[in-house]
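A short write-up of the structure that comes next.
The values are calculated or read from the model by the stated rules, or taken from the named source; none is laboratory data. Here the structure is a predicted model, which means the values were calculated and not measured. When we count neighbours, we look across all protein chains shown, and the Cβ atoms used for this are built from the backbone with ideal geometry, even at glycine.
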Amino acid sequence: MAEARRVRSSAERLRSVAGGAETAAPELDRLIHERVRLAIVSALAVNESLAFNELKDMLALTDGNLSVHARKLEEAGYVQCTKKFEGRVPRTEFRLTDQGRGALGRYLDHMEAIIQAVRDR
Amino acid sequence: MAYDRRPSKTLVRKLLYIAKHLTGGHPPRIVRTMAKIIPFRRQPEEPPPEPLHERAMDNLAFIRQTMERAGSFTAVSGWGQVVIGVTGVLAAWLASRQASPDNWLATWSVAAVVAMGIGVVTTGMKARAIGEPIRSGPGRKFVLSLAPPLVAGAVLTLVLFRAGMAGMLPGLWLLLYGAGIVGAGTNSVRVVPVMGFTSMLLGIAALLAPAGWGDAFMALGFGALHVVFGTVIARRYGG
(Lines give C-alpha, C1' and ligand atoms only; values in the text may rest on other atoms or scores of the structure.)
Protein backbone atom coordinates (compact mmCIF):
# COMPACT_ATOMS: atom_id res chain seq x y z
CA MET A 1 0.00 0.00 0.00
CA ALA A 2 2.57 2.47 1.12
CA GLU A 3 4.82 1.29 -1.65
CA ALA A 4 2.11 1.84 -4.23
CA ARG A 5 1.42 5.31 -2.92
CA ARG A 6 5.09 6.16 -3.06
CA VAL A 7 5.43 4.97 -6.62
CA ARG A 8 2.40 6.95 -7.66
CA SER A 9 3.56 10.13 -6.01
CA SER A 10 7.00 9.86 -7.55
CA ALA A 11 5.39 9.32 -10.94
CA GLU A 12 3.40 12.48 -10.38
CA ARG A 13 6.56 14.34 -9.56
CA LEU A 14 8.19 12.93 -12.66
CA ARG A 15 5.41 14.27 -14.73
CA SER A 16 5.57 17.64 -13.05
CA VAL A 17 9.31 17.84 -13.65
CA ALA A 18 8.91 16.80 -17.24
CA GLY A 19 6.32 19.50 -17.48
CA GLY A 20 3.77 17.54 -19.45
CA ALA A 21 0.23 16.28 -19.16
CA GLU A 22 -0.57 12.64 -18.59
CA THR A 23 -0.14 11.83 -22.25
CA ALA A 24 3.25 13.46 -22.32
CA ALA A 25 4.48 11.42 -19.38
CA PRO A 26 8.10 10.64 -20.08
CA GLU A 27 8.43 7.34 -21.77
CA LEU A 28 11.83 5.83 -21.90
CA ASP A 29 13.38 6.10 -25.32
CA ARG A 30 14.35 2.48 -25.80
CA LEU A 31 16.33 3.35 -28.86
CA ILE A 32 18.76 5.49 -26.89
CA HIS A 33 18.51 3.56 -23.65
CA GLU A 34 20.57 0.67 -25.00
CA ARG A 35 24.17 1.06 -23.83
CA VAL A 36 25.99 0.92 -27.16
CA ARG A 37 23.58 3.32 -28.80
CA LEU A 38 23.69 5.62 -25.80
CA ALA A 39 27.47 5.66 -26.13
CA ILE A 40 27.30 6.41 -29.86
CA VAL A 41 24.88 9.27 -29.36
CA SER A 42 26.86 10.66 -26.41
CA ALA A 43 30.13 10.53 -28.33
CA LEU A 44 28.58 12.23 -31.33
CA ALA A 45 27.03 14.89 -29.12
CA VAL A 46 30.46 16.30 -28.31
CA ASN A 47 31.96 15.87 -31.77
CA GLU A 48 30.97 17.56 -34.97
CA SER A 49 31.37 14.28 -36.79
CA LEU A 50 33.18 11.03 -36.21
CA ALA A 51 34.46 8.48 -38.68
CA PHE A 52 33.44 4.85 -38.37
CA ASN A 53 36.88 3.79 -37.16
CA GLU A 54 37.25 6.65 -34.71
CA LEU A 55 33.94 5.75 -33.14
CA LYS A 56 34.79 2.07 -33.14
CA ASP A 57 38.11 2.59 -31.34
CA MET A 58 36.69 5.14 -28.95
CA LEU A 59 33.89 2.90 -27.77
CA ALA A 60 35.82 -0.36 -28.17
CA LEU A 61 33.22 -1.93 -30.41
CA THR A 62 33.47 -4.47 -33.18
CA ASP A 63 32.68 -3.55 -36.76
CA GLY A 64 29.48 -5.53 -36.78
CA ASN A 65 28.28 -4.23 -33.46
CA LEU A 66 28.83 -0.63 -34.39
CA SER A 67 27.26 -0.93 -37.80
CA VAL A 68 24.14 -2.64 -36.49
CA HIS A 69 23.54 -0.06 -33.80
CA ALA A 70 24.48 2.84 -36.01
CA ARG A 71 21.98 1.64 -38.58
CA LYS A 72 19.22 1.55 -35.99
CA LEU A 73 20.01 5.11 -35.01
CA GLU A 74 20.17 6.12 -38.64
CA GLU A 75 16.79 4.55 -39.35
CA ALA A 76 15.32 6.51 -36.47
CA GLY A 77 16.76 9.70 -37.92
CA TYR A 78 18.96 10.32 -34.88
CA VAL A 79 22.21 9.94 -36.75
CA GLN A 80 23.22 10.96 -40.20
CA CYS A 81 25.61 8.74 -42.05
CA THR A 82 27.66 9.93 -45.01
CA LYS A 83 29.93 7.79 -47.10
CA LYS A 84 32.66 9.25 -49.15
CA PHE A 85 36.00 8.34 -50.58
CA GLU A 86 39.30 9.67 -49.39
CA GLY A 87 41.38 8.73 -52.35
CA ARG A 88 40.44 5.12 -52.68
CA VAL A 89 39.66 4.50 -49.05
CA PRO A 90 35.97 4.61 -48.21
CA ARG A 91 35.21 6.67 -45.17
CA THR A 92 31.96 6.54 -43.30
CA GLU A 93 31.16 9.51 -41.17
CA PHE A 94 28.48 9.89 -38.57
CA ARG A 95 26.99 13.02 -37.21
CA LEU A 96 24.16 13.64 -34.79
CA THR A 97 21.00 15.11 -36.29
CA ASP A 98 18.92 17.74 -34.50
CA GLN A 99 16.41 15.02 -33.87
CA GLY A 100 19.07 12.89 -32.24
CA ARG A 101 20.25 15.78 -30.12
CA GLY A 102 16.69 16.38 -29.01
CA ALA A 103 16.26 12.72 -28.15
CA LEU A 104 19.41 12.74 -26.03
CA GLY A 105 18.21 15.89 -24.31
CA ARG A 106 14.88 14.28 -23.50
CA TYR A 107 16.65 11.17 -22.24
CA LEU A 108 18.84 13.29 -19.95
CA ASP A 109 15.79 15.14 -18.70
CA HIS A 110 14.14 11.85 -18.02
CA MET A 111 17.07 10.52 -16.01
CA GLU A 112 17.31 13.77 -14.11
CA ALA A 113 13.64 13.66 -13.36
CA ILE A 114 13.95 10.17 -11.92
CA ILE A 115 16.81 11.21 -9.67
CA GLN A 116 15.08 14.40 -8.68
CA ALA A 117 11.94 12.54 -7.76
CA VAL A 118 13.91 10.37 -5.36
CA ARG A 119 15.84 13.26 -3.91
CA ASP A 120 12.68 15.21 -3.16
CA ARG A 121 11.21 12.33 -1.25
CA MET B 1 -10.91 -68.28 -58.93
CA ALA B 2 -13.30 -66.85 -56.39
CA TYR B 3 -12.54 -63.55 -54.73
CA ASP B 4 -11.91 -63.76 -51.03
CA ARG B 5 -14.38 -61.32 -49.48
CA ARG B 6 -12.75 -61.31 -46.10
CA PRO B 7 -10.36 -58.49 -45.33
CA SER B 8 -6.77 -59.50 -45.53
CA LYS B 9 -4.85 -60.25 -42.40
CA THR B 10 -2.57 -57.31 -42.80
CA LEU B 11 -5.49 -54.91 -43.06
CA VAL B 12 -7.01 -56.33 -39.88
CA ARG B 13 -3.75 -55.90 -38.13
CA LYS B 14 -3.47 -52.31 -39.20
CA LEU B 15 -6.98 -51.53 -38.07
CA LEU B 16 -6.36 -53.20 -34.74
CA TYR B 17 -3.17 -51.26 -34.35
CA ILE B 18 -4.93 -47.98 -34.95
CA ALA B 19 -7.74 -48.88 -32.57
CA LYS B 20 -5.42 -50.02 -29.88
CA HIS B 21 -2.57 -47.63 -29.90
CA LEU B 22 -3.55 -44.43 -31.60
CA THR B 23 -7.09 -43.95 -30.38
CA GLY B 24 -6.58 -44.99 -26.80
CA GLY B 25 -7.86 -42.62 -24.14
CA HIS B 26 -4.71 -42.59 -22.10
CA PRO B 27 -1.87 -40.24 -22.99
CA PRO B 28 1.14 -41.68 -24.74
CA ARG B 29 3.48 -43.45 -22.43
CA ILE B 30 6.40 -41.20 -23.16
CA VAL B 31 4.76 -38.23 -21.44
CA ARG B 32 4.29 -40.18 -18.25
CA THR B 33 7.90 -41.19 -18.12
CA MET B 34 9.24 -37.69 -18.52
CA ALA B 35 11.10 -36.22 -15.57
CA LYS B 36 9.49 -33.59 -13.46
CA ILE B 37 10.59 -30.13 -14.38
CA ILE B 38 11.12 -29.08 -10.81
CA PRO B 39 14.89 -28.85 -10.40
CA PHE B 40 16.60 -30.67 -7.58
CA ARG B 41 18.78 -27.75 -6.73
CA ARG B 42 17.21 -24.61 -5.42
CA GLN B 43 17.20 -21.83 -7.93
CA PRO B 44 19.41 -18.92 -6.90
CA GLU B 45 17.20 -16.12 -5.83
CA GLU B 46 16.95 -13.25 -8.25
CA PRO B 47 18.85 -10.25 -6.93
CA PRO B 48 16.47 -7.48 -6.04
CA PRO B 49 16.26 -5.02 -8.92
CA GLU B 50 18.39 -1.94 -8.51
CA PRO B 51 16.34 1.07 -7.59
CA LEU B 52 15.28 3.07 -10.61
CA HIS B 53 17.05 6.22 -9.55
CA GLU B 54 20.33 4.40 -9.10
CA ARG B 55 20.14 3.12 -12.63
CA ALA B 56 19.31 6.62 -13.76
CA MET B 57 22.39 8.00 -12.03
CA ASP B 58 24.43 5.21 -13.51
CA ASN B 59 23.16 6.14 -16.95
CA LEU B 60 23.98 9.80 -16.46
CA ALA B 61 27.48 8.90 -15.28
CA PHE B 62 27.90 6.70 -18.31
CA ILE B 63 26.84 9.46 -20.69
CA ARG B 64 29.14 11.88 -18.96
CA GLN B 65 32.12 9.53 -19.12
CA THR B 66 31.52 8.74 -22.76
CA MET B 67 31.27 12.42 -23.55
CA GLU B 68 34.46 13.21 -21.68
CA ARG B 69 36.31 10.41 -23.38
CA ALA B 70 34.94 11.25 -26.81
CA GLY B 71 34.98 14.98 -26.23
CA SER B 72 38.15 16.01 -27.79
CA PHE B 73 38.66 19.36 -26.29
CA THR B 74 36.89 21.30 -28.97
CA ALA B 75 36.63 24.34 -26.73
CA VAL B 76 40.14 25.34 -27.83
CA SER B 77 39.32 28.42 -29.82
CA GLY B 78 40.85 28.47 -33.28
CA TRP B 79 40.38 32.18 -33.70
CA GLY B 80 41.89 32.72 -30.27
CA GLN B 81 44.97 30.86 -31.47
CA VAL B 82 45.13 33.06 -34.54
CA VAL B 83 45.05 36.17 -32.34
CA ILE B 84 47.76 34.68 -30.11
CA GLY B 85 49.82 34.03 -33.22
CA VAL B 86 49.50 37.62 -34.32
CA THR B 87 50.57 38.80 -30.86
CA GLY B 88 53.50 36.41 -31.14
CA VAL B 89 54.64 37.91 -34.44
CA LEU B 90 54.22 41.46 -33.08
CA ALA B 91 56.13 40.56 -29.92
CA ALA B 92 58.94 39.00 -31.95
CA TRP B 93 59.21 42.16 -34.00
CA LEU B 94 59.17 44.36 -30.88
CA ALA B 95 61.62 42.15 -29.03
CA SER B 96 64.09 42.14 -31.88
CA ARG B 97 64.26 45.94 -31.68
CA GLN B 98 65.07 46.03 -27.96
CA ALA B 99 68.63 46.99 -27.21
CA SER B 100 68.95 45.66 -23.67
CA PRO B 101 68.37 42.02 -22.68
CA ASP B 102 66.17 43.21 -19.81
CA ASN B 103 63.77 44.96 -22.15
CA TRP B 104 63.87 42.00 -24.49
CA LEU B 105 62.80 39.63 -21.71
CA ALA B 106 60.19 42.10 -20.50
CA THR B 107 58.70 42.26 -23.99
CA TRP B 108 58.37 38.50 -24.18
CA SER B 109 57.04 38.27 -20.62
CA VAL B 110 54.28 40.74 -21.42
CA ALA B 111 53.57 38.86 -24.64
CA ALA B 112 53.31 35.58 -22.71
CA VAL B 113 50.88 37.03 -20.21
CA VAL B 114 48.81 38.65 -22.97
CA ALA B 115 48.75 35.42 -24.98
CA MET B 116 47.70 33.40 -21.95
CA GLY B 117 44.93 35.88 -21.23
CA ILE B 118 43.71 35.71 -24.82
CA GLY B 119 43.81 31.93 -24.70
CA VAL B 120 41.81 31.72 -21.49
CA VAL B 121 39.21 34.27 -22.58
CA THR B 122 38.64 32.91 -26.10
CA THR B 123 38.53 29.30 -24.89
CA GLY B 124 36.07 30.26 -22.18
CA MET B 125 33.92 32.05 -24.74
CA LYS B 126 33.91 29.10 -27.08
CA ALA B 127 33.23 26.64 -24.28
CA ARG B 128 30.24 28.67 -23.21
CA ALA B 129 29.02 28.95 -26.79
CA ILE B 130 29.03 25.20 -27.29
CA GLY B 131 27.77 24.59 -23.78
CA GLU B 132 30.77 22.68 -22.52
CA PRO B 133 31.70 22.95 -18.87
CA ILE B 134 35.29 24.12 -18.85
CA ARG B 135 36.23 23.60 -15.25
CA SER B 136 35.52 19.92 -15.20
CA GLY B 137 36.55 17.03 -17.36
CA PRO B 138 38.54 17.74 -20.49
CA GLY B 139 39.19 21.42 -19.74
CA ARG B 140 40.64 20.56 -16.38
CA LYS B 141 42.86 17.90 -17.87
CA PHE B 142 44.00 20.33 -20.53
CA VAL B 143 45.06 22.97 -18.03
CA LEU B 144 46.60 20.46 -15.65
CA SER B 145 48.79 18.97 -18.35
CA LEU B 146 49.77 22.32 -19.84
CA ALA B 147 50.65 24.05 -16.58
CA PRO B 148 53.68 22.04 -15.36
CA PRO B 149 55.90 22.61 -18.42
CA LEU B 150 54.93 26.28 -18.39
CA VAL B 151 55.92 26.63 -14.74
CA ALA B 152 59.16 24.79 -15.46
CA GLY B 153 59.74 27.16 -18.36
CA ALA B 154 59.20 30.22 -16.18
CA VAL B 155 61.65 28.97 -13.56
CA LEU B 156 64.28 28.02 -16.12
CA THR B 157 63.83 31.41 -17.78
CA LEU B 158 64.80 33.18 -14.57
CA VAL B 159 67.73 30.87 -13.93
CA LEU B 160 69.14 31.00 -17.44
CA PHE B 161 68.61 34.74 -17.76
CA ARG B 162 70.55 35.35 -14.55
CA ALA B 163 73.28 33.10 -15.83
CA GLY B 164 73.47 35.29 -18.89
CA MET B 165 72.23 32.63 -21.25
CA ALA B 166 69.28 34.56 -22.67
CA GLY B 167 70.15 33.31 -26.12
CA MET B 168 68.89 29.87 -25.22
CA LEU B 169 65.52 31.10 -24.03
CA PRO B 170 63.54 31.08 -27.30
CA GLY B 171 64.49 27.48 -27.97
CA LEU B 172 63.67 26.52 -24.40
CA TRP B 173 60.28 28.26 -24.52
CA LEU B 174 59.29 26.61 -27.78
CA LEU B 175 60.41 23.21 -26.55
CA LEU B 176 58.60 23.40 -23.24
CA TYR B 177 55.49 25.03 -24.62
CA GLY B 178 55.36 22.35 -27.30
CA ALA B 179 55.77 19.64 -24.67
CA GLY B 180 52.88 21.10 -22.69
CA ILE B 181 50.67 21.27 -25.76
CA VAL B 182 51.49 17.68 -26.70
CA GLY B 183 50.52 16.52 -23.23
CA ALA B 184 47.39 18.61 -23.03
CA GLY B 185 46.49 17.73 -26.58
CA THR B 186 46.29 14.00 -25.96
CA ASN B 187 42.76 14.67 -24.80
CA SER B 188 42.04 16.94 -27.69
CA VAL B 189 41.52 16.96 -31.42
CA ARG B 190 44.47 15.57 -33.28
CA VAL B 191 45.78 18.87 -34.65
CA VAL B 192 46.59 20.10 -31.15
CA PRO B 193 49.30 17.53 -30.33
CA VAL B 194 50.60 17.90 -33.88
CA MET B 195 51.00 21.60 -33.20
CA GLY B 196 52.83 20.77 -29.98
CA PHE B 197 55.26 18.49 -31.78
CA THR B 198 55.93 21.11 -34.41
CA SER B 199 56.65 23.63 -31.69
CA MET B 200 59.04 21.20 -30.01
CA LEU B 201 60.90 20.60 -33.26
CA LEU B 202 61.24 24.33 -33.81
CA GLY B 203 62.49 24.68 -30.24
CA ILE B 204 65.18 22.08 -30.83
CA ALA B 205 66.15 23.81 -34.07
CA ALA B 206 66.31 27.14 -32.23
CA LEU B 207 68.59 25.66 -29.57
CA LEU B 208 70.94 24.40 -32.26
CA ALA B 209 70.82 27.58 -34.33
CA PRO B 210 72.83 30.76 -33.55
CA ALA B 211 71.37 32.73 -30.64
CA GLY B 212 70.69 35.73 -32.86
CA TRP B 213 67.94 33.82 -34.65
CA GLY B 214 65.89 33.43 -31.47
CA ASP B 215 63.30 36.07 -32.27
CA ALA B 216 62.89 34.74 -35.79
CA PHE B 217 62.23 31.28 -34.37
CA MET B 218 59.74 32.74 -31.94
CA ALA B 219 57.97 34.55 -34.76
CA LEU B 220 57.79 31.25 -36.57
CA GLY B 221 57.11 28.92 -33.65
CA PHE B 222 54.89 31.11 -31.53
CA GLY B 223 53.48 33.38 -34.23
CA ALA B 224 53.04 31.58 -37.50
CA LEU B 225 52.39 28.21 -35.88
CA HIS B 226 49.44 29.54 -33.90
CA VAL B 227 48.04 31.33 -36.92
CA VAL B 228 48.23 28.21 -39.11
CA PHE B 229 46.91 25.72 -36.58
CA GLY B 230 44.38 28.21 -35.25
CA THR B 231 42.96 28.54 -38.74
CA VAL B 232 42.77 24.76 -39.09
CA ILE B 233 41.01 24.42 -35.74
CA ALA B 234 38.62 27.27 -36.54
CA ARG B 235 37.75 25.75 -39.90
CA ARG B 236 37.32 22.18 -38.76
CA TYR B 237 36.13 22.44 -35.20
CA GLY B 238 33.79 25.34 -35.29
CA GLY B 239 35.48 28.61 -34.38
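For the stretch A:52-60, the criterion of a residue being more than 9 Å from chain B (Cβ to nearest Cβ) and either touching a Gly at 6+ places or on another chain (Cβ under 6 Å) or in contact (Cβ under 8 Å) with a residue 60 or more places away in the chain (or both) is satisfied by no position.
Every residue, every condition in (1) within 27 Å of A:M58 (Cβ to Cβ); (2) at pLDDT 90 or above, yes or no:
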| position | (1), (2) |
| --- | --- |
| B:V143 | yes, no |
| B:A154 | no, yes |
| B:G171 | no, yes |
| B:G180 | yes, yes |
| B:A184 | yes, no |
| B:A209 | no, no |
| B:G221 | no, no |
| B:G239 | yes, no |
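For the stretch B:22-111, the helices (runs of 4 or more DSSP H) that sit wholly inside it and include 1 or more residues that are more than 30 Å from A:S42 (Cβ to Cβ) and either at pLDDT 75 or above or within 14 Å of chain A (Cβ to nearest Cβ) (or both) are B:78-96. The single residue among B:I181, B:I233 that is touching a Ser or Thr at 6+ places or on another chain (Cβ under 7 Å) and either β-branched (V, I, T) or touching a residue at least 24 places away in the same chain (Cβ under 8 Å) (or both) turns out to be B:I181. Of all residues in the stretch A:73-105, those satisfying the criterion of being of a type in the set (K, R) and within 13 Å of chain B (Cβ to nearest Cβ) are A:R95, A:R101.
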